[in-house]
Amino acid sequence: MSVVVPAYNCGPHVKKLIASLLRQSLPTDEFEAIFVDDGSTDDTAERLDRLAAEYPHVRVLHIENSGWPSRPRNLGIEHARGEYVFFADDDDWFADEALERLYACAKTNDADIVVGKMAGYGRPVPRELFRKNRPDATLGNSPLIDSLTCHKLFRRSFLNEHGLRFPEGGKRRLEDHSFVVRAYFLSRRTSVLSDYTCYHHVQRGDARNVTAERLDPASYFASVREALDVVDANTEPGPLRDRLHRRWLRNEMLGHLRGKRLLDAPEPWLGEVALEVQKIIQDRFAPGVAGGLPPLLRAVAYLAERGRVADLRRLARWESGIAAHGVVDDLRRADHAVTVTVAAELRSGSEPVGFRADGDRDVLMLPMEEIAPEVLDATAQVRKARLDLVARHRETGDETFLPMTFRTERITGTTGAGTVHLVHRTTATIDFAALNGGRTRGSWLLKARITNVGWTEDARLPLVFICRADGSRPRIRDERKVWNRMRSAVGRRIKR
């Protein structure tokens with residue numbers, strides 16, 4: 001295996017990646033790390049040269065600054081000697097068994113591409129894709145389109161056979177989208193490894209990642225169009241093309257026009273983004289693209305297509321208050337297992353998200369009257385509303401969906417006559433002898449995750465499970481009690 005890493009002025013931020021590469025369970029004679037220093041002006045070059053001098057399986061290439069990761073990645077492919085190539089970023093890191101497990105998955109399934117489970121830190125990751133292992137994932141049978149970053153394993157001969165390279169020539173936002181989508185269409189087999197968190201993807205706290213700057217609307221949406229061109233060249237008009245197009249509409253387009261992201265945007269820049277989104281919706285998308293969105297996002301697309309930027313701001317102010325709220329109704333333990341019952345709902349401020357009856361339809365209630373009821377028809381989404389319980393390892397970021405049962409209750413009359421809101425209830429048993437393959441040492445947080453009508457929101461529950469050894473019986477800390485004790489102590493000090 002060859003791990004290719006573009007590096008530019010990463011300084012000490014690269015230490016975590018280096019340490020994770022040196023800890024890999026894969027023997028050092030079975031993989032190499034190729035760092036491509038993109039004309040760094042700090043001590044990055046010297047730091048990497050010292051590393052390569054000490055470890056024979058580390059190589060460093062030095063090039064004049066290209067300004068973007070594409071050129072370094074392409075050079076990494078040319079110099080790679082591994083059967084497979086993985087593209088990593090200099091401020092991310094690998095889990096200890098990541099390379100060994102990725103390679104084993106590739107060989108077992110004879111895969112051209114392996115998508116390893118990711119944990120995100122300030123960055124979104126495709127959670128639904130990683131619900132289960134997928135030995136033969138396609139764009140048609142799985143949510144593979146949700147994973148478009150290049151942080152994956154690729155068979156090197158596959159890249160060379162098809163001339164797959166990253167687009168060069170200055171700053172090219174979304175440069176990995178066209179690359180990855182082309183690869184998905186060309187791949188003879190793509191596998192998804194979900195039972196081990198392989199890659200930890202980070203948004204640096206100092207916001208100095210090379211792609212952290214505010215995007216230029218014209219070039220950014222030109223890249224969106226290029227990715228759409230790849231989809232159009234490989235599909236016929238119809239449900240599959242609409243579903244793939246919907247991914248860019250949802251993430252790269254409407255994602256800029258809703259919630260806090262919109263409210264934080266400068267007015268002139270927002271106007272440019274809204275205009276670009278409007279043009280792509282009108283020029284490129286069939287009606288089924290927006291029609292297949294949940295009602296909240298259909299509303300955003302409806303306003304964007306009509307250029308109603310002021311109404312987008314009104315909707316964003318309301319949506320910025322949306323949050324999931326969850327409570328623990330019951331908690332029981334037996335040996336290594338804990339059974340927990342949770343109730344959760346979506347709220348905007350102190351009020352639950354409501355639906356009003358319109359004949360036999362449930363219509364999402366938004367703070368404006370100028371959107372057609374059919375756009376806000378939430379009947380199908382209300383039926384599909386989901387509550388998941390997710391265990392997250394505090395130290396490593398590993399997330400695991402817990403097996404559980406859930407139901408949704410319709411509560412009437414709380415937001416006005418003829419209205420309902422939804423309360424979701426679930427019960428899950430957490431077996432700490434089996435959770436995360438038995439790798440449970442450390443602290444586990446519990447989250448209630450609601451997915452409904454266009455939101456996926458997490459409610460942090462006030463329980464922490466602490467395992468002293470892998471698979472051991474957990475100690476349970478109820479943070480409500482901790483908080484109440486702290487508040488009482490503060491109150492006593494104030495009185496004294």
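Name the residues in the range 231-260 that are assigned to a helix (DSSP H, G or I), over 24 Å from D311 (Cα atoms) and open to solvent by less than 20 Å² (accessible area, probe 1.4 Å), would you?
Selection gives V231, L244, H245.
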What strands (runs of 3 or more DSSP E) lie completely within the range 124-228 and have 1 or more residues being open to solvent by 40 Å² or more (accessible area, probe 1.4 Å) and under 30 Å from A434 (Cα atoms)?
134-137, 190-202
Which one of R189, R134 is modelled with pLDDT of 95 or more, under 24 Å from I77 (Cβ atoms) and of a type in the set (K, R)?
R189
Can you name the residue in the range 4-36 that is open to solvent by less than 40 Å² (accessible area, probe 1.4 Å) and of a type in the set (S, T, N, Q) and, of all such residues, is farthest from T396 (Cα to Cα)?
N9
Counted residues in the range 296-333 being within 21 Å of D458 (Cβ to Cβ) and not β-branched (V, I, T) come to 14
Does at least one position in the range 91-98 carry a residue that is more than 23 Å from the chain's Cα centre (by Cα), surrounded by 14 or more Cβ atoms within 10 Å (Cβ to Cβ) and among the hydrophobic types (A, V, I, L, M, F, W, C)?
no
Note on the range 423-434: residues open to solvent by 10 Å² or more (accessible area, probe 1.4 Å) and either charged (D, E, K, R) or within 26 Å of the chain's Cα centre (by Cα) (or both) are V423, R425, T427, T429, D431, A434
Quick one: which of A299, A265 is at pLDDT below 95 and crowded, with 17+ Cβ neighbours inside 10 Å?
A265
Keeping to the range 27-41, report how many residues are within 16 Å of P72 (Cβ to Cβ) and under 31 Å from the mean Cα position of the chain (by Cα).
9
Within the range 370-399, work out how many residues are open to solvent by 10 Å² or more (accessible area, probe 1.4 Å) and small (G, A, S).
2
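Here's the yes/no breakdown for (1) at pLDDT below 95; (2) of a type in the set (G, A, S); (3) farther than 30 Å from W93 by Cα:
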{"site": "A334", "(1), (2), (3)": "yes, yes, yes"}
{"site": "E369", "(1), (2), (3)": "yes, no, yes"}
{"site": "L389", "(1), (2), (3)": "no, no, no"}
{"site": "F406", "(1), (2), (3)": "yes, no, yes"}
{"site": "I411", "(1), (2), (3)": "yes, no, yes"}
{"site": "A417", "(1), (2), (3)": "yes, yes, yes"}
Evaluate the range 395-403: report whether one residue or more is assigned to a strand (DSSP E or B), more than 25 Å from the chain's Cα centre (by Cα) and more than 21 Å from L293 (Cβ to Cβ).
no
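The values are calculated or read from the model by the stated rules, or taken from the named source; none is laboratory data. Worth saying up front: this structure is predicted, and the values here are computed from it rather than measured. When we count neighbours, we look across all protein chains shown, and the Cβ atoms used for this are built from the backbone with ideal geometry, even at glycine. Heavy atoms of the whole protein, side chains included, go into the accessibility calculation; ligands, DNA and RNA do not. Shrake-Rupley method; radii C 1.70, N 1.55, O 1.52, S 1.80 Å.
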